[in-house]
1. Read phi for every residue in region 103-108 and hand back ³J(HN,Hα) as whole Hz from Karplus 6.51 cos²θ - 1.76 cosθ + 1.60, θ = phi - 60°, with x for Gly and Pro.
2. Could you tell me the convex hull volume per residue, in Å³, taken over the Cα atoms of region 221-275?
3. Starting with the fewest neighbours, write out K57, K130 ranked by other beta-carbon atoms found within 10 Å of each beta-carbon.
4. Whats the longest run of the chain with zero GluC sites (Glu not before Pro) that are DSSP loop and have at most 15 other Cβ atoms within 10 Å?
5. Take the Cα radius of gyration of the chain and divide it by 2.2 N^0.38 Å, with N its residue count; two decimals is plenty.
6. I want to check the label-to-label distance for H238 and S254. Put each point 7 Å from Cα in the C-beta direction and report it in nm to one decimal.
7. Straight-line reach from K250: which aspartates and glutamates have a Cα under 15 Å away, not including same-chain ones fewer than 8 places off?
8. May I ask you to sort I186, I44 by Cβ crowding, counting other Cβ atoms within 10 Å and putting the fewest first?
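Values quoted throughout were computed directly from the atomic coordinates according to the rules given, and no laboratory measurement underlies them. Please read these numbers as outputs of a predicted model, since none were measured by experiment. Here the Cβ positions follow ideal geometry from the backbone for every residue, glycine too, while neighbour counts run over all protein chains shown.
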Amino acid sequence: MIQIDHLTKKFPNQKGLFDVSIQVDKGQIFGYLGPNGAGKSTTIRHLMGYMQPDIGKATINGYDCWKEPDKIHSLLGYVPGEISFVEGMTAVGFLDAMAGMRNLKSTTRRKELIETFDLDMRVPIRKMSKGMKQKLAIVNAFMHDPEVIILDEPSSGLDPLMQKTFVDLLHEEKSKGKTILISSHIFSELEDTADTIAIIRKGQIITVQELSLLKGEMTANSYEVEFYRQEDLQTIVHSGLVVQSHSGNKAVISVDREISEILKQISQYPIKALDIPRQRLEDVFMKYYYNEEA
């Protein structure tokens, strides 16, 4: 389990973290959302034991991240936001070195991951593309079967196929009971994986909600209706329904009352098409983010 209690870290430029508290339970995927500079990576650096908090603390499976970093690192798989390798090494040499540091003898899981992500181990690291380096970092983070996984923008540089492969990997790890925290700007990735979402703005958590509850807010707030006849559209425009916009034979109608009442009114006329758009996680994020800012 990952536990962060009242974590505060102030920098000279007035940025930092301010009274951040989150909890990630065993078997949970926790999504951490916020723009660049909001405090996501600073939070993760505290979890890795790289920063000492001014106030509060971070623990992983009961170990203090600042005071007991050696104990937490043995539990962790980690993909950093800024990946840096020793350019003179080969991929095989790097993974062998990391396995040696972890006293990892078996190569079975490593081979599975290399095959899953189609990673060419013959290419020297200095000649690898960003996407190849990202795949190498993912293999390194997962190959020792860690209990806790911390991911900072893990899909950066991956093509859409590999992003889907990575989402499948997260579901697989969750099914094994792993504890996963993922900071990502790819909304669809979190929509497909996360159980709980936290939104951070200017170093402060503005909401923590289960994704299932957020999805309740992602239901339609308008209908797009296309009528066969222009005169029917005009009747609807003047019917008392809230028409956000209309053009040609199409109208966008706000859901400001019982849906059955809206459908009863529009179904009096021949309808060519009815579209019920679903909000995306990105839309809900923007609503929370800018409402709090206001």
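1. My calculation for region 103-108 gives 6, 8, 8, 6, 10, 4 Hz in order.
2. Cα convex hull per residue, to the nearest whole number: 67 Å³.
3. Listing K57, K130 from fewest to most nearby Cβ atoms yields K130, K57.
4. For GluC sites (Glu not before Pro) (loop position, at most 15 other Cβ atoms within 10 Å), the longest site-free span of the chain is 88-216.
5. 1.26
6. 2.1 nm
7. Leaving aside aspartates and glutamates fewer than 8 places away in the same chain, those within reach of K250 are E224, E226, E231, D232, D275.
8. I186, I44
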